[in-house]
Amino acid sequence: MFLILRPLRLLFKALVIESTPTQMSYGLALGMLMGIVPKGNLLAIVIGFCVAATRVNLAVTACAAVTLTFMSAWFDSAFDQVGVLVLSQPGLRGFWEAVYDTPLMPWTDFNNSIVMGSFVCGLILLWPVHRISRPIFQKYSEKLARHIRHWWITKLLLGAEWAERFGSVEL
């Protein structure tokens with residue numbers, strides 16, 4: 001029973017327990033980057049490791065990544081145009097050839113115009129998303145956390161965590 005509730009507990013705990021607005025806004029920005037980069041390549045895995053290695057709110061990051069994963073298909077034509085623009089620069093031709101000859105780099109799919117375009121657009125949008133969302137999280141995160149703490153499901157899930165801790169104590 002607790003194995004089924006554990007992911008829900010972690011989500012509510014990440015929303016309710018202390019998390020600064022800066023951590024939430026960086027989580028939103030990194031979730032945006034994770035969401036728009038196509039999956040199934042080494043680049044997406046590296047971005048996931050970078051997110052896991054930082055102190056960001058993982059609930060906000062996961063929600064942003066899942067939401068933008070579904071929405072990013074609408075912008076593939078724009079990402080393709082940006083990727084073609086970046087990859088077809090004559091001055092960068094030698095650089096791209098050297099990068100492609102480097103071990104593991106072909107697995108990043110950087111030579112795919114949609115992957116390159118979405119990665120470049122994500123990097124460009126990283127700072128503005130953080131700067132725009134931080135004041136919003138500063139204004140509403142404490143109010144939202146206080147509101148969520150009063151839900152019966154939150155009390156039940158976080159209470160189940162305490163019951164599990166006390167139940168595992170041996171006398």
Notebook entry, point to check: Which numbered condition trips up LEU42, out of (1) modelled with pLDDT of 90 or more; (2) aliphatic (A, V, I, L, M); (3) surrounded by 19 or more Cβ atoms within 10 Å (Cβ to Cβ)?
Noted result: (3)
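Assess whether LEU171 counts as being modelled with pLDDT under 85, of a type outside the set (Gly, Ala, Ser) and on the phi < 0 side of the Ramachandran plot. Give the steps one after another, and end with the answer.
Values: modelled with pLDDT under 85: yes; of a type outside the set (Gly, Ala, Ser): yes; on the phi < 0 side of the Ramachandran plot: yes.
The answer is yes for LEU171.
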Check: Where in segment 53-127 are the helices (runs of 4 or more DSSP H), entirely inside, with at least 2 residues that are surrounded by 11 or more Cβ atoms within 10 Å (Cβ to Cβ) and either under 14 Å from the mean Cα position of the chain (by Cα) or of a type in the set (Asp, Glu) (or both)?
Finding: 58-71, 76-87
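Does SER72 qualify as being polar (S, T, N, Q) and farther than 25 Å from GLU142 by Cβ? Before the answer, list the steps.
Numbers: polar (S, T, N, Q): yes; farther than 25 Å from GLU142 by Cβ: yes.
Spelling it out, SER72 is indeed polar (S, T, N, Q) and farther than 25 Å from GLU142 by Cβ.
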Notebook entry, point to check: Just one of the numbered conditions (1) under 12 Å from LEU30 (Cα atoms); (2) at pLDDT 90 or above is not true of CYS63; which one?
Noted result: (2)
Next item on the list: Go through segment 29-46 and give me each residue that's of a type in the set (Val, Ile, Thr) and part of a helix (DSSP H, G or I).
Entry: ILE36, ILE45, VAL46
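The values are calculated or read from the model by the stated rules, or taken from the named source; none is laboratory data. The structure presented is a predicted model; accordingly, all values stated were derived computationally and were not measured. All Cβ positions, glycine included, derive from the backbone under ideal geometry; neighbour counts span all protein chains shown.
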